[in-house]
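The values are calculated or read from the model by the stated rules, or taken from the named source; none is laboratory data. Model, not experiment: these values are computed from the prediction. Cβ placement follows ideal geometry from the backbone for every residue including glycine, while neighbour counts extend to all protein chains displayed.
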Amino acid sequence: MSTKAQPASAGDRPMIELRKVNKWYGDFHVLRDVDLTVYSGQKLVVCGPSGSGKSTMIRCINRLEEHQEGAIVVDGVELTNDLRNIEQVRREVGMVFQQFNLFPHLTVLENLTLAPIWVRKVPKKEAEESAMYFLERVRIPEQAAKYPGQLSGGQQQRVAIARSLCMKPKVMLFDEPTSALDPEMIKEVLDVMVELANEGMTMICVTHEMGFARTVADNILFMDKGEIVEQGPPATFFAAPKTDRLKTFLSQILGH
Amino acid sequence: MATIPQTPTVMRRPPMAGLGGSPALDWVRRNLFSTWINTAVTLLLAYLALRAIYGVVSWGLINAIWTVPLTATGTPDTKVCRELKGIGACWALISEKHRFIFFGTYPYEQHWRPLICIMLFLALYSVSAMRRFWNSNLIYIWIVGLTTIAILMWGGVFGLDYVENERWGGLVITLILATFGIAFAFPLAIALALGRRSKLPAISTFCVTYIELIRGVPLISVLFMASVMFPLFLPEGLTIDKLLRAQVGIILFTAAYLAEVIRGGLQALPNGQYEAADSLGLPYWQKIAFIILPQALRLVIPPMVNSFIGLFKDTSLVVIIGIFDLLNAAKTAIVDPAWQGFGVEAYVFVSIIYFVFCFAMSKYSQGLEQEFNKHQRR
């Protein structure tokens, strides 16, 4: 059994709360009555077939997508159309994308220092020191002067993780972070994520990496067709799936 | 069964092409003379090219007349030129009229002023082209440069005689219209492109309407409206300078086209860039200034430079409102009875000047593209 930070007790205010969240793309009902609670320090892994709405759900948490019904509350701030709320939430929530989305016209160091300087108003020198610290945490300090186009996929994704960490967020969202990587680079990125988890970061991770889920997750969610079908700690999730849909999914994904 | 090498094999160079001749000869052999058809086409084109070059050189240089003597009354005697019409170019027209083509009807003794202005323009372009100077100082350099140009052209201060801008003309006017045109159309176009993509319906509707209206009419009619109709809407006694009206017309026109070019760049940028900037909490203007515009503008350097080159030459349409730019000064030069019929020389001369500026813009943009795409190469 690996070491994990203990989840906060149920008496604390949850870090992220989704209450009866519904979203439509036109007429297509993509999120149906999604209810979710994540406490500070908890690691949540979300899995499911493609089109199940898992990416849409976490993109709603930092308002990259808008929900039409229900409430999303992040660290006490409710996400509405109020721009100030949205910006406040985005400062505290970091996101790592499947396609890395680094800024190709800036060096790695500039990628990392841009947001702290202009959003958190950190002085340049301090931002650069912080950036170098996080680059060392993700084990690529020597790449600071390079451009993203000159790095491998695994290195780019680690830079993306460092870039989000430089904003000192309270929550990290991962949207299939290793799905676009060559197999030999997946491990280096997962190692960084495991370290992050062990230090107590609140994480929501959409991924197909079940090994990672087993190691790190406090809770695993299975989503299908826009709703949360089943959830539970890794022990029961993999060993004793209750619904047929999850059983089918697990047999497909764990089979090979 | 293939043997598996225990150590990596040594990297070899590719085999030398051709039969051992020099690489240049080899290229010629492969590309120009590889088949019978190729050889025949090469020889035909070479013959035509040589004939054309011979024709141009013999007309333009060898048989050309560079100066003509004056008659008893002091007017130029173009008999010699007329005898050689079609055989030799009459560059004497240029020697005689170049001041008019460059400076228009500017007073003769004050020609040093527009001359300095042309030099200043060229200096400003050269300095702005070098990336070394791309910092906040550049704005000051431009402000100082343009103010000096304004003072020199208008005069009235520092002991300089006042010259009203109705007397300006020629190359100076073309440079003024083009420089201010590009300088103001560019930020306006960025604002229009961003506005068109705005989520606020008032802003986006305004921008779309503006762009579609202006794009729907020729530049001539925009200039015409700016010059003739605009004053009708002004209160009694308030007039706006004709040159200013032309300048504003050119700015508004170019901005509409440029806005669509820039919008293309904004659309071509992957959505992930917008999302990454949003997820970091970057506010709208920081996102646009640091992430979106630097990338979007680099994507559309070719069509933007296209617009600028088009603008530079479109300045010649101000003839419709009676302003003498470079092209019209040349046209007027051959209305002179002594020089009638030498239109070819006048237009060739003006074309060379246009070509120099437009080609410089084109070459510069290629250099810009290469520089900006450095970060793409591993």
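Numbers at a glance
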item: Single residue of B:ALA72, B:ALA46 found to be part of a helix (DSSP H, G or I) and either in contact with a Leu (Cβ under 9 Å, 6 or more places away or on another chain) or surrounded by fewer than 14 Cβ atoms within 10 Å (Cβ to Cβ) (or both); result: B:ALA46
item: Residue among B:LEU188, B:LEU152, B:LEU122, B:LEU192 that is in a helix (DSSP H, G or I) and in contact with a Ser or Thr (Cβ under 9 Å, 6 or more places away or on another chain); result: B:LEU188
item: Residue in the range A:85-98 that is buried (at least 23 other Cβ atoms within 10 Å of the Cβ) and of a type in the set (Lys, Arg) present; result: yes
item: Residues of the range B:56-67 satisfying the condition of being among the β-branched types (Val, Ile, Thr) and closer than 9 Å to B:CYS90 by Cα; result: B:ILE65, B:THR67
item: Residue among A:ALA127, A:ALA115 that alone is assigned to a helix (DSSP H, G or I), within 12 Å of chain B (Cβ to nearest Cβ) and either at pLDDT 95 or above or under 18 Å from B:GLY281 (Cα atoms) (or both); result: A:ALA115
item: Residue that is surrounded by the fewest Cβ atoms within 10 Å (Cβ to Cβ) [pool: residues in the range A:204-254 that are among the hydrophobic types (A, V, I, L, M, F, W, C), under 20 Å from the mean Cα position of the chain (by Cα) and farther than 22 Å from A:ASP33 by Cα]; result: A:MET210
item: Selected residue (only one of B:THR105, B:THR67 is outside any helix (DSSP H, G or I) and at pLDDT below 85); result: B:THR67
item: Any hit, the range B:353-368, residues being touching a His at 6+ places or on another chain (Cβ under 8 Å) and under 30 Å from A:LEU102 (Cα atoms); result: no
item: Positions within the range B:288-310 being more than 10 Å from chain A (Cβ to nearest Cβ) and among the aromatic types (Phe, Trp, Tyr), in sequence order; result: B:PHE308
item: The lone exception for B:PHE372 - which of (1) within 14 Å of chain A (Cβ to nearest Cβ); (2) aromatic (Phe, Trp, Tyr); (3) in contact with a Phe, Trp or Tyr (Cβ under 9 Å, 6 or more places away or on another chain) it fails; result: (3)
item: From A:VAL74, A:VAL93, residue being more than 12 Å from chain B (Cβ to nearest Cβ), among the β-branched types (Val, Ile, Thr), at negative phi and touching a strand residue (DSSP E or B) at 6+ places or on another chain (Cβ under 7 Å); result: A:VAL74
item: The range B:49-69, residues that are farther than 21 Å from B:TRP339 by Cα, small (Gly, Ala, Ser) and surrounded by 11 or more Cβ atoms within 10 Å (Cβ to Cβ); result: B:SER58
item: Residue among B:ALA129, B:ALA150 that alone is small (Gly, Ala, Ser) and surrounded by 14 or more Cβ atoms within 10 Å (Cβ to Cβ); result: B:ALA129
item: Those strands (runs of 3 or more DSSP E) lying entirely in the range A:8-62 with at least 3 residues more than 20 Å from the chain's Cα centre (by Cα) and closer than 25 Å to A:LEU250 by Cα; result: A:28-38
item: Condition met for B:CYS117 (surrounded by 11 or more Cβ atoms within 10 Å (Cβ to Cβ), in contact with an Asp or Glu (Cβ under 8 Å, 6 or more places away or on another chain) and within 21 Å of B:ILE352 (Cα to Cα)); result: no
item: Residues of the range A:131-152 satisfying the condition of being small (Gly, Ala, Ser) and away from chain B (no Cβ under 14 Å); result: A:ALA144
item: Helices (runs of 4 or more DSSP H) wholly inside the range B:223-324 that include at least 3 residues being modelled with pLDDT of 95 or more; result: B:242-268, B:271-279
item: Filter result for A:LEU106 (facing another protein chain (nearest Cβ under 10 Å) and surrounded by 22 or more Cβ atoms within 10 Å (Cβ to Cβ)); result: no
item: Residue list for the range A:80-90, restricted to those being outside any helix (DSSP H, G or I) and either in contact with a Pro (Cβ under 7 Å, 6 or more places away or on another chain) or within 13 Å of chain B (Cβ to nearest Cβ) (or both); result: A:ASN81
item: Verdict on B:THR174 being under 22 Å from the mean Cα position of the chain (by Cα), within 30 Å of B:ILE288 (Cβ to Cβ) and among the hydroxyl-bearing types (Ser, Thr, Tyr); result: no
item: B:LYS199 being within 14 Å of chain A (Cβ to nearest Cβ) and among the basic types (Lys, Arg); result: yes
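Residues are listed down the side, and each one gets a yes or a no for (1) at positive phi; (2) of a type in the set (S, T, N, Q); (3) more than 8 Å from chain A (Cβ to nearest Cβ):
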| residue | (1), (2), (3) |
| --- | --- |
| B:GLN247 | no, yes, yes |
| B:ALA255 | no, no, yes |
| B:ALA259 | no, no, yes |
| B:ILE262 | no, no, yes |
| B:GLY265 | no, no, yes |
| B:GLY272 | no, no, no |
| B:PRO283 | no, no, no |
| B:GLN286 | no, yes, no |
